[in-house]
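Peer 1: Sharing a structure here in structure tokens format.
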Amino acid sequence: MRWMRVILVLLLPFSFLLQQGTCSASTEQEHTCLPSSCGKISKISYPFRLKDDPIHCGDSRYELSCANNVTTLYLYSAKYHVQSINYNNFTIRLVDPGVQQDNCSSLPRYFLSRSDFCDTYEYEEKYCKDPYQVAVEGSSRFEHIVYLNCSHQVTNNPKYVNTSSCLNLNSKSKGYYIYAMAGDLIAQDFQVGCHVKLVTPTSWSGLQRNQVFSYDVMHKALVYGFEISWFHLPCKNLCGDPDDCSFNFTTEKLQCYRFCHNFWGGDPGDRFCGKIYICQYYFDLLTLNVSTCTLVKKFNSRIFLISIKSLLF
């Protein structure tokens, strides 16, 4: 039994070495590759890359294109214009190329909804292989704008926003009306004679789900675009598994809580959560005096060896 305890303790530092090795690869890549730029998007860096960048720079799953000083990203076989990249909260903002800022009659070219992203249904990385997610730690600003074709005018549901000032140029003469709705379309909102024409996302903060807006406001939301995240990748690089990672929205920092959350059952919000907590719990289980292990923010090999010595002798 004593030797089994020793083996368990000896295995402990290797988990940290593996984790640190995963992180160092991306860190080294960030420092050896100079940032790229295209049009208004500057400082394009890991995990993103442009097609002409050196082969070892960035991650091929996050490759961007540059044409006529416009940065584009291909998402589910559709091409979107990149508006900004936020490396602090791991989000990239995109706009459908069909949307024109000064033309409210312009419509998105592509049908895209939250259901296209696998993290909507399954968070675990082994089941969800998409490079992009719509949520960070369950928080998402990914809202829908739904376009509907109706064979008649809808007057009994204020969620149906009249688009006649922009879109019904010839539709009335053709016998149908186009409406837009902010938020998700639920069963009670369906009208007889109406069908969904298009679903498109937005992350504009001025648009809140299921509230009534003018179509001008909805067009502003389309011009702003929508945000998606690559949150799983830095979590995997730092913690080994996105399931063992959390994002602090206040400090905009990632935190690993592998053992205290998933293994020991501790609270990830606890001030001792993480590597500090591991140290304390391991030595409690091995019936060592906790005082042999100083509570530190990072794994300390000297303390570890002192503890092993006290166990063997």
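Peer 1: Do the conditions hold for Lys197, that is, is it modelled with pLDDT of 90 or more, surrounded by fewer than 19 Cβ atoms within 10 Å (Cβ to Cβ) and within 22 Å of Ala78 (Cα to Cα)?
Peer 2: yes
Peer 1: Additional query: So Tyr127 clears everything in (1) aromatic (Phe, Trp, Tyr); (2) surrounded by fewer than 20 Cβ atoms within 10 Å (Cβ to Cβ); (3) modelled with pLDDT of 85 or more except one condition, right? Which one?
Peer 2: (3)
Peer 1: Within segment 207-218, is there a residue that is among the hydrophobic types (A, V, I, L, M, F, W, C), in a helix (DSSP H, G or I) and surrounded by fewer than 21 Cβ atoms within 10 Å (Cβ to Cβ)?
Peer 2: Yes, because at least one residue in segment 207-218 is among the hydrophobic types (A, V, I, L, M, F, W, C), in a helix (DSSP H, G or I) and surrounded by fewer than 21 Cβ atoms within 10 Å (Cβ to Cβ).
Peer 1: Count, please, the residues in segment 183-194 that happen to be at pLDDT 90 or above and either of a type in the set (Asp, Glu) or closer than 15 Å to Pro108 by Cβ (or both).
Peer 2: The qualifying residues number 0.
Peer 1: Only residues that are more than 22 Å from Val99 (Cβ to Cβ), surrounded by 15 or more Cβ atoms within 10 Å (Cβ to Cβ) and small (Gly, Ala, Ser): list them for segment 47-78, please.
Peer 2: Correct list: Gly58 only.
Peer 1: Would you please list the contacts, defined by Cβ atoms under 7 Å and residues six or more apart or on different chains, that run from a residue in segment 33-58 that is part of a loop (DSSP other than H, G, I, E, B) to a residue that is surrounded by fewer than 18 Cβ atoms within 10 Å (Cβ to Cβ) and of a type in the set (A, V, I, L, M)?
Peer 2: Gly39/Val70
Peer 1: Kindly list the number of the only condition in (1) at pLDDT 90 or above; (2) buried (at least 19 other Cβ atoms within 10 Å of the Cβ) that fails for His81.
Peer 2: (2)
Peer 1: Here is a follow-up. Given Tyr110, Tyr74, which one is at pLDDT 95 or above, touching a Gly at 6+ places or on another chain (Cβ under 8 Å) and hydroxyl-bearing (Ser, Thr, Tyr)? Talk me through it step by step, then tell me what you get.
Peer 2: Values: Tyr74 fails: touching a Gly at 6+ places or on another chain (Cβ under 8 Å).
It is Tyr110.
The values are calculated or read from the model by the stated rules, or taken from the named source; none is laboratory data. None of the values given here were measured: they were computed from a predicted structure. When we count neighbours, we look across all protein chains shown, and the Cβ atoms used for this are built from the backbone with ideal geometry, even at glycine.
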